[in-house]
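Shown next, in structure tokens, is the structure this report addresses.
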Amino acid sequence: MSRPSLLQHPARFTCACLLLILTTASSVSGQAKFVANYDESKIPEYQLPNVLIDQQGHPIQTLKQWNQQRSDLLNIFAEQVYGKAPEACEISSKLISSSNDAVKGKAVRREVDVTFGGKVGSVTMRLLIYTPKNSVLSPAFLGLNFQGNHSVDPDPSISLNQNWMRNRQGITENNLADESSRGVAASRWPVEMIIDHGFSLVTIYYGDIDPDFDDEFENGIHGALKDEAKGIPAGEKWGSIAGWAYGLSRALDYLEKDSMVDGSRVAVFGHSRLGKTSLWAGASDERFKMVISNNSGCGGAALSRRAIGETVGRINTSFPHWFNDNYLKYNENENACPVDQHQLLALIAPRALYVASATADRWADPKGEFMSSVEADAVYRLLGTDGFGGTKAPEGMPEANQAINVGTIGYHLRDGKHDVTSYDWKQYLTFAKRNL
Ligand code: GTR
């Protein structure tokens, strides 16, 4: 994706300057200052596309009709939202380290480099894999992490990631991690609890696949597969979320061949922007047996048309590299988008889906996350699963910390802020025990 800068266009530059002078409520970039709406009564009027009405307006009643709808919707999401990725490419792998006495002697810990790319270049992502000792082909959680594999556990033998990293106050400076960031994200990755439940954990630093900044897609996987992506129309080219999802699929290619992990029982997990990524990975790659969205919000599980908290316009402004260029058309214009996020969730059916929200995470619109999960229920039932469980989808939103965790779709609203906690993981483990 290439967005010419204002300085390359003198006419646009002049207009932007004028706008800057004329707009009182403006930020330094010339954008009108964004004020999030949190008032339900101020939600713009909208019509949600019915997930069981096809593109020609016909109702969907059979599996065959759904299969067509699924492929149409997947195509629309790729064209209009996340962008189209090149075909899957070959991978190669190399064992970097192995320890037989990780997690108090309960687990085997390995680091495996998986390399893939195209004609122009390649990327290497390092998988940190914990497997319960003595297990044969265990089911696994696969999730990208924000701050490097070494942030997941303080164990000094995990290699320190030296790729570009977003700065975080008090943790990462100069876009580079150092020794002090070991274990900083450990509360989000309860490795021992996961191992005790008989699951493997596989995690990868997301910046190994694509650095999280807008460089017009020169670096990371976009640069490496530039040639392969040549034929994709400009507006439809893949954004970073699609790039990270592509990396998750390549990780799954590897896990399918791994001797300790069962590649047919992998749950893809992600928080926040990486929750958006796990949803797109799960929608676009049906090999993922289960999909978990933790506080994914706008462009993830939340309905865009509600425009509560973060909106399409706001996300495209703050993170212009996450989605494709076509998605810009829906800035402050969500109703015009042919799809909304409940249809993304429906693309995961009939595989297990868990959506989690948090009470203080209003930016991610917990209610919108719940509503889209409820909308997806109809597709789960059409495909012969029990959806949320019981005879029909829940009507009202559950109270905080009252997980709905009995069916093929799970949901909870946790008390607290935008984060991943052991409460969240307890629900995922219960859900995975039944569904993996
Ligand atoms: C925020 C962004 C959210 C969410 C979050 C994160 O700044 O507005 O959509 O993705 O970042 O990933 O931490």
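What to note about this one:
- Candidate set: the stretch 317-340, residues that are in contact with a Gly (Cβ under 7 Å, 6 or more places away or on another chain) and touching a residue at least 40 places away in the same chain (Cβ under 8 Å); chosen: the one nearest to K237 (Cα to Cα): N324
- Among the candidates A224, A242, A229, the residue that is more than 16 Å from the ligand (Cβ to nearest atom), touching a residue at least 12 places away in the same chain (Cβ under 8 Å) and under 20 Å from N163 (Cα atoms) is uniquely A224.
- Test: G416 is farther than 23 Å from S272 by Cα and not in a helix (DSSP H, G or I): no
- Flag if G309 is within 20 Å of the chain's Cα centre (by Cα) and either of a type outside the set (D, E) or surrounded by fewer than 20 Cβ atoms within 10 Å (Cβ to Cβ) (or both): yes
- Filter pass, A360 being assigned to a loop (DSSP other than H, G, I, E, B), open to solvent by 20 Å² or more (accessible area, probe 1.4 Å), in contact with a Ser or Thr (Cβ under 7 Å, 6 or more places away or on another chain) and more than 23 Å from W66 (Cβ to Cβ): no
- Checked against the criterion of being on the phi > 0 side of the Ramachandran plot, surrounded by fewer than 19 Cβ atoms within 10 Å (Cβ to Cβ) and assigned to a loop (DSSP other than H, G, I, E, B), the stretch 377-389 has at least one qualifying residue.
- Of residues in the stretch 51-99 being open to solvent by less than 40 Å² (accessible area, probe 1.4 Å) and part of a loop (DSSP other than H, G, I, E, B), the one farthest from Q343 (Cα to Cα): C89
- Within the stretch 380-417, the residues that satisfy the criterion of being out of contact with any Ser or Thr (no Cβ under 7 Å at 6 or more places or on another chain) and under 15 Å from N294 (Cα atoms) are N401, A403, I404, G410, H412, K417.
- Residue check for T172: buried (at least 20 other Cβ atoms within 10 Å of the Cβ), among the β-branched types (V, I, T) and within 19 Å of H271 (Cβ to Cβ): yes
- H9 meets the conditions (1) modelled with pLDDT under 90; (2) farther than 30 Å from I221 by Cα in every case but one. The failed one is (2).
- Considering residues of the stretch 270-290 that are within 22 Å of S71 (Cβ to Cβ), open to solvent by 10 Å² or more (accessible area, probe 1.4 Å) and not basic (K, R) only, the residue farthest from the ligand (Cβ to nearest atom): E286
- Among the candidates G313, G309, G275, residue that is without any contact (Cβ under 8 Å) to a residue 40 or more places away in the chain and outside any strand (DSSP E or B): G275
- The set of residues from the stretch 291-331 being more than 8 Å from the ligand (Cβ to nearest atom), β-branched (V, I, T) and under 17 Å from W280 (Cβ atoms) comprises V291, I292, V312.
The values are calculated or read from the model by the stated rules, or taken from the named source; none is laboratory data. Since this is a predicted model, take the numbers as computed values, not measurements. Here the Cβ is made from the backbone with ideal geometry for all residues, glycine too, and neighbour counts use every protein chain on show. Heavy atoms of the whole protein, side chains included, go into the accessibility calculation; ligands, DNA and RNA do not. Shrake-Rupley method; radii C 1.70, N 1.55, O 1.52, S 1.80 Å.
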